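Following: one structure in structure tokens, then a few remarks.
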């Protein structure tokens, strides 16, 4: 009786199943928040497997790229640069749309303020990724750089403790707390917007240097 070899693959639903056909792509689940798929001969995966038993324990395989995407995996930037670029651009568009929605859900009279703050920060941090994090619009480049959020009576800017300390001499007229600055809507004007731009630029420069 012939015993056929069977392969354990991950399906589009994220669950494993047995197949008589080997997978065409590999992947790993070592980071649950950043699951990656790539070519079977990916040099980055080979290096990781050779240097880490733990990585090998989290190795998975897929019958197709469609299954890998549907299961929540993203393409490897090393062995699938074209697919990775397309995934990154698509993700950025989705995150930008999430911020559009965030602003649209706020009161009509503060939406223009939020839009101007968003554009000011984007102008200073053109290479940062826009996304929603901690339920706030966030600008990220290898790490979170700065956040902003609509509060009931003020705009909250969250640049981190070091930024608040750095700009303390110019924040005497505003309420501050650990890593946060409050800009009341009633008094918001070009002066506050310029200050936010400077803080965003400083965050980008300082975080990139670390």
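The values are calculated or read from the model by the stated rules, or taken from the named source; none is laboratory data. Everything numeric here is computed off the predicted structure, so don't read it as measured data. In this analysis, Cβ positions are derived from the backbone assuming ideal geometry, glycine residues included, and neighbour counts consider all displayed protein chains.
Observations on the model:
- For the range 74-81, the criterion of a residue being under 23 Å from the mean Cα position of the chain (by Cα), assigned to a loop (DSSP other than H, G, I, E, B) and without any contact (Cβ under 8 Å) to a residue 24 or more places away in the chain is satisfied by at least one position.
- Selection status of residue 86, exposed (fewer than 13 other Cβ atoms within 10 Å of the Cβ) and farther than 30 Å from residue 137 by Cα: no
- If the condition is being in contact with a helix residue (DSSP H, G or I) (Cβ under 8 Å, 6 or more places away or on another chain) and at pLDDT below 95, then the range 16-26 contributes no residue at all.
- Under the condition of being more than 12 Å from residue 25 (Cβ to Cβ) and exposed (fewer than 15 other Cβ atoms within 10 Å of the Cβ), the residues counted in the range 54-69 number 3.
- Filter pass, residue 50 being out of contact with any helix residue (DSSP H, G or I) (no Cβ under 6 Å at 6 or more places or on another chain), surrounded by fewer than 12 Cβ atoms within 10 Å (Cβ to Cβ) and at pLDDT below 95: yes
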